[in-house]
Number of protein chains: 2
Amino acid sequence: MTAFLHKGYAKTSMQDLKKATGLHPGSIYCAFENKRGLLLAALEQYRLDRTAEFERFFSAAQLSIVNLKTYLDNVVAECISGDSAKACLLTKALNEMAEQDEEIQQIISGNLFSLQQSLAEKFAQAKIEKSISAKKDSDHLARYFLMGIYGLRTFAQTHPEAEVIEQLAEQLYSDICR
Amino acid sequence: MTAFLHKGYAKTSMQDLKKATGLHPGSIYCAFENKRGLLLAALEQYRLDRTAEFERFFSAAQLSIVNLKTYLDNVVAECISGDSAKACLLTKALNEMAEQDEEIQQIISGNLFSLQQSLAEKFAQAKIEKSISAKKDSDHLARYFLMGIYGLRTFAQTHPEAEVIEQLAEQLYSDICR
DNA sequence: GAGTATCTTGAACAAACATTCAAGAAAGGA
DNA sequence: TCCTTTCTTGAATGTTTGTTCAAGATACTC
């Protein structure tokens, strides 16, 4: 995962993967069939890691809206860190490969759609808790929230100043709650 | 430009570039030194094209806020088209190369910062024209607008349904004007 | 502890890659 | 028309790439 996050799929060579995994080419091919298979496995592991992380954020005994804010703050922290290991493998791979590999594009889209649906559930909960107006559409809020996160992550790659990213996230949050 | 937009830098081979440019390897190397030089030239051409396009959008005899909306609508149309040739070379290359090539990351960041500043000018104009509250910070508005565009473009790669993208853009616009 | 099964190793492979360059074509000037 | 200069060509070069596989190590069974 970190190798692909750092160099992207195409630029990550088998030697890089050998170094990153500690496995020799033969073992990698035995376990994952080929380089693409390793990417698929990395995407699956990323999905597991991130859904577990998501559950952790939202298992806190707080109002949903508070957990959503904490979740956003964490994204901001990842953006500010400038650490490629904390970037999003899904959007990174989507940007690189969507045009060329339809299966991978669909896997990534599916994962991101799951995240969107999970977020929508949390927004629905926030509506029940009266943190957010009942008039708002949870699905739309989730899409807008996700769009904001995508935007933040891209923006941070050009402008890693903490205050700027924090200010943008704050506006995003208040636009969603308003 | 279109070759790099379609396959990304690493996956675009010299043969692809030969086909795309109609030039033979020798000529390409004579004119651009190497593959990276061709990317630099493509980035420069993209900058020229996009600044010209920007001027065209904002030379319309309309209120600045109207021109901003038209500009956004155009981004939405590009997103919906699903045409890789209409994607943003800057964000695409930024995602792929920022981690590995500092010079290219700085060129791209510089170009995107110019765009941000140009947008800030238009927001300042909109304030003068009373389309937007005088209390708002033009620079912040420009950053938020740009962040929204980044988000839209990424979102559209997973969810190319026109209505969804249009709805997200509409919310972005109204959040900025509010 | 012998024998079977599984896993690991890293050298070897062909294909594809970016890059070079000497030969040839075209253009321009006198 | 001839010479000089500039531009174009595409085969050849040496890497690097992803991939394979037979040999060796390890683990497991009886």
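The values are calculated or read from the model by the stated rules, or taken from the named source; none is laboratory data. Since the structure is predicted, the reported quantities are computational estimates derived from the model, not experimental observations. Glycine gets a Cβ as well: all are built from the backbone with ideal geometry, and neighbour counts include every protein chain shown. Surface areas here come from the heavy atoms of the whole protein model, side chains and all, with no ligands, DNA or RNA. Shrake-Rupley method; radii C 1.70, N 1.55, O 1.52, S 1.80 Å.
Things to note:
- Annotation: A:Phe54 fulfils all but one of (1) under 18 Å from A:Gln117 (Cβ atoms); (2) within 16 Å of DNA strand D (Cβ to nearest atom); the unmet one is (2).
- The set of residues in the stretch B:124-134 being touching a helix residue (DSSP H, G or I) at 6+ places or on another chain (Cβ under 9 Å) and over 24 Å from B:Leu48 (Cβ atoms) consists of B:Ala124, B:Ala126, B:Lys127, B:Ile128, B:Glu129, B:Ser131, B:Ile132, B:Ser133, B:Ala134.
- Residue count, the stretch B:1-21 (criterion: small (Gly, Ala, Ser), open to solvent by 60 Å² or more (accessible area, probe 1.4 Å) and within 10 Å of DNA strand D (Cβ to nearest atom)): 0
- Scan of the stretch A:1-53 for residues that are within 14 Å of another protein chain (Cβ to nearest Cβ) and either without any contact (Cβ under 8 Å) to a residue 40 or more places away in the chain or within 16 Å of DNA strand C (Cβ to nearest atom) (or both), ordered by number: A:Ala3, A:Lys7, A:Gly8, A:Tyr9, A:Ala10, A:Lys11, A:Thr12, A:Ser13, A:Asp16, A:Lys35, A:Arg36
- Count of residues meeting criterion [touching a Ser or Thr at 6+ places or on another chain (Cβ under 8 Å), surrounded by 18 or more Cβ atoms within 10 Å (Cβ to Cβ) and either among the hydrophobic types (A, V, I, L, M, F, W, C) or farther than 20 Å from A:Ala156 by Cα (or both)] in the stretch A:59-97: 3
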